[in-house]
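S.K.: Got a structure for you, questions after.
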Amino acid sequence: MTILVTGGAGFIGSHASVELLEKGYDIVVVDNLSNSEIDSINRVKEITGKDFPFYQYDLLDYESLKKLFASYNFDAVMHFAGLKAVGESVEIPLEYYHNNITGTINLCNVMKEFGVKKLVFSSSATVYGNPDQVPIDETFPLSVTNPYGRTKLMIEEILQDLYKSDQSWRITILRYFNPIGAHESGRIGESPKGIPNNLMPYITQVAIGKRKKLQVFGNDYETYDGTGVRDYIHVVDLVKGHLSALQYLDEHEGIETFNLGTGTGYSVLDLISNFSEVTTKEIPYEIVGRRSGDIGICYANPEKAEKILGWRAEKDLIEMCKDSWKWQLNNPNGYQ
Ligand code: NAD
Ligand code: WQD
């Protein structure tokens, strides 16, 4: 089985590549390296001891995609490629719409042209907006508050329409909660360019001395300690969910949406204290005002994935902190 991995040089795609190779799949990776480094590809090869083709193509470049599909017989596509920074998407919405939506439409068009109709798509819990209650299940109403989130919701809708038009497609939409952690080798991980937007990479950069202190965005939420609560999930668990989804597509027709989360929420202060315990590093922090667009509490009901895909997250917060830290410690400047 040959799987095309789009965005395979990125944080989640590189971990998925390792998992696919280790489970005996052949892979081909395509990534324009707009938010990643070629080194991550080399390290996936090093971890697995396996070689695979990599193409520095842009999903916006339809002719390159056609060339690629003409050269391989893909069985399925795991589609991670996309821009993902919420704040940036507010600054440059057109780039986000063009890159994420046109990129996905190009991909689906070329898949259609070559008769490849199995797709695993990276969506996000951001499509639930500010939910009325938790835990969040897949039937909750959808709403988005920023262009990034809107690209995910629009793509979900495009995929639903595509399926309606041609029921030979097999599609899983995976809504990730908050992926953190890294491969246990410490060789691949999240390597944000510039100042990290997300909590865990910010914490690890404080721990290694690259940043002075963490700003905690608000302690007046309606949560047990006032700080934001999220469903952090180890990236290796997350990518295992993709392999379960792939297997599901082999056996089932249709389009299905799944939450990929642990079902447990932790606050910002929980994350800081667990991280400090694991690393024995103190994380200096100050409480500041809320970050615009943030919500108080968000965690998954992951039962559907467990029931239908037979997948459940296994790794706890301590392992997530340990592996995030190992990656940061071994790679103080990420891949750069
Ligand atoms: P990432 O930025 O590390 O990886 C995405 C990869 O896609 C990058 O390597 C980038 O260079 C590539 N890419 C972007 N546009 C491209 C294009 N037009 N053509 C080819 N390659 C392109 O991000 P990630 O954290 O690995 O996220 C992977 C996917 O999961 C994204 O679609 C993201 O929106 C989604 N997601 C991520 C999170 C998260 O917190 N990390 C949460 C929910 C959903
Ligand atoms: C987690 C918590 C912050 C940084 C984002 C996207 C979402 C998805 C995952 C792609 C919140 C707090 C953070 C900091 C802080 N990505 N925080 N200080 O906001 O849940 O989700 O990434 O789909 O779409 O919105 O994740 O890691 O940014 O924040 O206090 O420096 O940490 O307020 O409570 P978030 P995050």
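The values are calculated or read from the model by the stated rules, or taken from the named source; none is laboratory data. Owing to the predicted nature of the structure, the values given are computational and were not obtained by experimental measurement. Positions of Cβ are backbone-derived with ideal geometry, glycine not excepted, and every protein chain shown enters the neighbour counts. Protein only, heavy atoms only, side chains kept; ligands, DNA and RNA dropped before computing areas. Shrake-Rupley method; radii C 1.70, N 1.55, O 1.52, S 1.80 Å.
S.K.: Restricting to the chain, what percent of DSSP beta bridges are antiparallel, rounded to 5?
M.R.: Values: 2 of 40 bridges.
The antiparallel proportion sits near 5 percent.
S.K.: Follow-up. Does anyone have the angle between helix 62-71 and the longest principal axis of the chain? Alpha-carbon axes, 0 to 90°, nearest 10?
M.R.: Rounded to the nearest ten degrees, it is 70.
S.K.: Continuing with the same structure: Compute a Gaussian network model of the chain, connecting alpha carbons closer than 10 Å, and tell me which residue from GLY228, GLY194, GLY261 fluctuates the most.
M.R.: Highest fluctuation of the listed residues: GLY194.
S.K.: Kindly express, to the nearest 10 degrees and within the range 0 to 90, the angle between helix 317-330's C-alpha long axis and the longest C-alpha principal axis of the chain.
M.R.: The angle comes out near 80 degrees.
S.K.: While we're on this one: Using a Cα-Cα cut-off of under 17 Å, which aspartates and glutamates could be cross-linked to LYS117, ignoring same-chain neighbours fewer than 8 residues away?
M.R.: Qualifying aspartates and glutamates at Cα under 17 Å: ASP75, GLU156, GLU157, ASP161, ASP166, ASP250, GLU251, GLU253, GLU256.
S.K.: Right, next: Rg and Dmax of region 265-335, Cα atoms, in Å?
M.R.: Radius of gyration, then largest Cα-Cα span, for region 265-335: 15.7, 43 Å.
S.K.: OK, next. Please give the FRET efficiency for TYR72 paired with ARG312, using the beta carbon to beta carbon distance and R0 = 35 Å, rounded to the nearest 0.05.
M.R.: Computed FRET efficiency for TYR72 and ARG312 comes out at 0.60.
S.K.: Mind checking the log10 I(q)/I(0) for the chain at q = 0.08, 0.12, 0.14 Å⁻¹? Debye, one equal scatterer per Cα, no solvent, two decimals.
M.R.: Here the Debye-derived log intensity ratios amount to -0.35, -0.82, -1.15.
S.K.: What's the carbon and sulfur percent of the chain's accessible surface, probe 1.4 angstrom, rounded to a whole number?
M.R.: The nonpolar share, carbon plus sulfur, comes to 46 percent.
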